[in-house]
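Engineer: Below: one structure in structure tokens.
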Amino acid sequence: MRGTAFDDERERVLPDGMTIRRRRRQRGWSRRDLVEAIARASEAASGLPDTISPSLLQAIEEENEAVAYRVVCLISSGLDCNPVELLLPERPPDETLH
């Protein structure tokens, strides 16, 4: 049985890097602080300290790097928020291209 599209590491979403950076800075955290908070939240939830690299976090914050939804979920666990709050809104299809 196949899971949802968000279970597939090949499916990418666009995180809102500015929102992630703003929420991190509101807490007075460096990128490394957020990476450590992600590991703590993951370990508390699953027993395993899963996290992301500071360089990936930088790419997300500065370039809205497309990532697997699982990565957005990890970041949201570190920031204690809903992952959907960290996604860029979907753009409507360009109606000029038919």
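The values are calculated or read from the model by the stated rules, or taken from the named source; none is laboratory data. Note that this is a predicted model, so its numbers are computed, not measured. All Cβ positions, glycine included, derive from the backbone under ideal geometry; neighbour counts span all protein chains shown.
Engineer: Can you spot a residue in region 15-24 that is among the acidic types (D, E), over 15 Å from S76 (Cβ atoms) and at pLDDT 95 or above?
Structural biologist: If we filter region 15-24 for residues that are among the acidic types (D, E), which is where we start, we get 16.
So of that shortlist, the ones also over 15 Å from S76 (Cβ atoms) come out as none.
No.
Engineer: Would you mention how many residues in region 53-78 are farther than 13 Å from G17 by Cβ and either surrounded by 16 or more Cβ atoms within 10 Å (Cβ to Cβ) or within 11 Å of the chain's Cα centre (by Cα) (or both)? Step through it out loud before you land on a result.
Structural biologist: Of the residues in region 53-78, the ones farther than 13 Å from G17 by Cβ are 53-55, 68-70, 73-74, 76-78.
Add one more test, that the residue is either surrounded by 16 or more Cβ atoms within 10 Å (Cβ to Cβ) or within 11 Å of the chain's Cα centre (by Cα) (or both), and what stays is 68-70, 73-74, 76-78.
Qualifying residue count for the region: 8.
Engineer: Something else: Just wondering, is there one or more residues in region 17-28 that are under 10 Å from the mean Cα position of the chain (by Cα) and in contact (Cβ under 8 Å) with a residue 60 or more places away in the chain? Let's see the steps before the verdict.
Structural biologist: Taking region 17-28 and keeping what is under 10 Å from the mean Cα position of the chain (by Cα), we get 17, 20.
From the residues that got through so far, the ones that are in contact (Cβ under 8 Å) with a residue 60 or more places away in the chain too are 20.
Yes, because at least one residue in region 17-28 is under 10 Å from the mean Cα position of the chain (by Cα) and in contact (Cβ under 8 Å) with a residue 60 or more places away in the chain.
Engineer: Do any residues in region 70-85 that are free of Cβ contacts under 8 Å to residues at least 12 places away in the same chain have Cβ atoms under 6 Å from those of residues that are assigned to a helix (DSSP H, G or I) and buried (at least 17 other Cβ atoms within 10 Å of the Cβ), where the two are at least six apart or on different chains, and which pairs are they?
Structural biologist: C73/P83; S76/P83; S76/L86
Engineer: In region 25-49, which residues are surrounded by 11 or more Cβ atoms within 10 Å (Cβ to Cβ), modelled with pLDDT of 95 or more and not in a helix (DSSP H, G or I)?
Structural biologist: Correct list: R27, W29, S30.
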